[in-house]
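Scroll down for the structure; my scribbles are underneath it.
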Amino acid sequence: MALLNLPGVRPVLARRAPITTVAIIFILCLASVASAVRVKDIASIEGARSNQLSGYGLVAGLNGSGDTQQALFTPQTVLNLLKRRGLTIDVNPRTLQVRNSAAVMVTATLPPFARQGGRIEAQVSSLGDAKSLQGGTLLPTPLFAPDGQVYAVGQGALSLGGGYAVRAIGASAVKNFPTVALLTEGAIVEREVPVDLGASGELKVALYQPDFTTAERVSRAVNAKLGRGASRPLDAGTVLIELRSASAQEAVDTVTLIEQAEVTPDTPARVVLNERTGTVIIGQNVRLLPVAIAHGSLQVTVKTDFGVSQPAPFSNGETVVVPDSTIGVEEGKPQGIITLRGGPNLGDLVSGLNALGVTPQDLIAILQAVKAAGALQADLEIM
């Protein structure tokens, strides 16, 4: 199988690089034995979930870096705010300049069991054409859930997290994203989300990555931790735990116990390829059938020199630049066919491809070809 590399019309210096530079395909994933993890790290209790909040607000106190007149909704928002405060201004919003203000969207995540008066973080993002939110203050902004109810109110000084934006005549300097800021613990919870933990006499553990084998292992670990056959897997992503009584206290005690139970999760065989960065990651469950691989390279170099054509003195000609292109084709050193035997690990695959001296991009093409030949027993995921 010959791999052709045609980089384009620019001068190319093709060179070989060992695939160890691609993080050696994370050989640690191949050699290490899967370790046990806690149930709380791979699953959550059904019903105890976070909720997304969002709201429209106004940032004030900017040093002339706010929205311009092109963002019509910003001056209209300012006029509506003043009207609610009892100040009515009869002016066309298109003529009103509010460069010290900016319209923003405020988003936050309401964690489970959040209580009234508790504080949560929020993120503030510019909606208009503001240059920077540095030094701004978010005015009181109600945060709504999808049900249309207000669950928190955000207000306070914004932080860019080290970002800045400085502009002068003919020069500018920008770090990070000055149009996105953080409202650190600036949103106060106004409404609680009720959670009836264990009210039905049972708990459901939801796996982050559904898998039948992992669900069975979680069920066995929970039974061993509780000392009784209280759990069973309902499907690939849910494990049911029966309580002795429908009380919140027993539910809390049971969750505390099962969160510390250790389980070795099972994952499907998968090979992940990132063609943009040349990264290849191979999981430990990947199997390889016997296969023979031949690798060859073709180096194509296109070089363009530019000369100047000068007309004769006192002539009507013009001085022009004349390109002179040369193309060189050089075939790489011949490589023999590498035979990779099938086995429980991919050490032979890594060693064989290193012997071929392939580059990361060539490695991706080879793995795709091996998958097409039916010798790679794994899912091939291309990012």
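The values are calculated or read from the model by the stated rules, or taken from the named source; none is laboratory data. Because the structure is predicted, anything quoted here is derived from the model rather than measured. When we count neighbours, we look across all protein chains shown, and the Cβ atoms used for this are built from the backbone with ideal geometry, even at glycine.
Hey, can you tell me all the residues within region 228-260 that are assigned to a helix (DSSP H, G or I), under 17 Å from residue 42 (Cα atoms) and either out of contact with any helix residue (DSSP H, G or I) (no Cβ under 8 Å at 6 or more places or on another chain) or among the basic types (Lys, Arg) (or both)?
The answer is 255, 256.
Quick one: which residue in 186, 198 is touching a residue at least 24 places away in the same chain (Cβ under 8 Å), under 17 Å from residue 45 (Cα atoms) and out of contact with any His (no Cβ under 8 Å at 6 or more places or on another chain)?
Just one listed residue meets the conditions, 198.
Please go through (1) within 30 Å of residue 196 (Cβ to Cβ); (2) under 24 Å from the mean Cα position of the chain (by Cα) for residue 47 and return the number of the only condition it doesn't satisfy.
With (1) within 30 Å of residue 196 (Cβ to Cβ); (2) under 24 Å from the mean Cα position of the chain (by Cα) applied to residue 47, the lone miss is (2).
Name the single residue, out of those in region 269-300 being modelled with pLDDT under 75, touching a Leu at 6+ places or on another chain (Cβ under 8 Å) and of a type outside the set (A, V, I, L, M, F, W, C), that is surrounded by the fewest Cβ atoms within 10 Å (Cβ to Cβ).
The residue in question is 296.
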